[in-house]
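Enquirer: What follows is a structure written as structure tokens; I'll ask about it next.
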Amino acid sequence: MPLENEGSGFADVALRDAIRQGLVEGPRMLVATRGIATVGAYHPFGTSPDVKDLPTGAQFVSGVEEARRAAREQLGQGVDLLKVYADWATPTLTVDELRVIIGEVHKAKRKVAVHAMTPEGIRNALAAGADSIEHGHNADRAALELIRQKGVFLVPTVGILEALVDRAPDAAMRTRFVARLAGAGRR
């Protein structure tokens, strides 16, 4: 079950449907299509504003009504679940934006996985009703206790951190990633 398709639009929905219809062989799929992120808070960073319609893994929103519209568009395209970005290096989506997205998705009886790594991003996601916290690498004890208290799944995804350690271009970066892994309970 991929959580976001990194720029392929809604091709994952088409592939899932083709498998279900027996047109192609493949695994059972639950798809999340494009994540939802705030403008300027998701890759690619530093791209010229003159570049229009650059494929990205996220649908960008700014404000509650854009967030609602994005959730409805994703649902209309056939998502099985939705991924949203509550933070990047700092919190991005507001609690109100998260609430409206999660509310729309829950009305459709689907789940929302929230990319949240900072304590504040995690708290915002939980306040808005997240079904899972993806990553949580920088969670403090209070955020972890709140995850437990709310009965929300934590998906730590330490594999990416291990890969970053192995691919670090220099000793300083390696040390930084090893420290993040240690915080996630590994190495």
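The values are calculated or read from the model by the stated rules, or taken from the named source; none is laboratory data. Computed from a predicted structure; not experimentally measured. No Cβ is skipped: glycine too gets one built from the backbone with ideal geometry, and neighbour counts run over all protein chains shown.
Enquirer: Could you tell me how many of the residues in the range 19-42 are surrounded by 14 or more Cβ atoms within 10 Å (Cβ to Cβ) and on the phi < 0 side of the Ramachandran plot?
Expert: The number of residues fulfilling the criteria is 12.
Enquirer: Is there any pair linking a residue in the range 169-186 that is of a type in the set (Lys, Arg) to one that is at pLDDT 90 or above and in a helix (DSSP H, G or I), with Cβ under 9 Å and at least six apart or on different chains, and which?
Expert: Sorted first by the residue in the range 169-186, then by its partner, the pairs are Arg174/Asp166.
Enquirer: Does Arg34 qualify as being assigned by TED's automatic domain parsing to the domain that holds Ala127 and at pLDDT below 95?
Expert: yes
Enquirer: Let me ask something else. I need the full set of residues from the range 132-145 which are more than 18 Å from Ala37 (Cβ to Cβ) and of a type in the set (D, E, K, R), in order please.
Expert: Matches in the range 132-145: Asp140, Arg141, Glu145.
Enquirer: Further question: Looking at (1) surrounded by fewer than 15 Cβ atoms within 10 Å (Cβ to Cβ); (2) aliphatic (A, V, I, L, M); (3) at pLDDT below 85, can you tell me which one Leu181 breaks?
Expert: (1)
Enquirer: If you go through the range 47-87, how many residues are buried (at least 19 other Cβ atoms within 10 Å of the Cβ) and touching a Phe, Trp or Tyr at 6+ places or on another chain (Cβ under 7 Å)?
Expert: The qualifying residues number 2.
Enquirer: Still on this structure, please answer the following. Tally the residues that are assigned to a loop (DSSP other than H, G, I, E, B) and at pLDDT 95 or above, restricting the search to the range 119-165.
Expert: Selection size over the range 119-165: 5.
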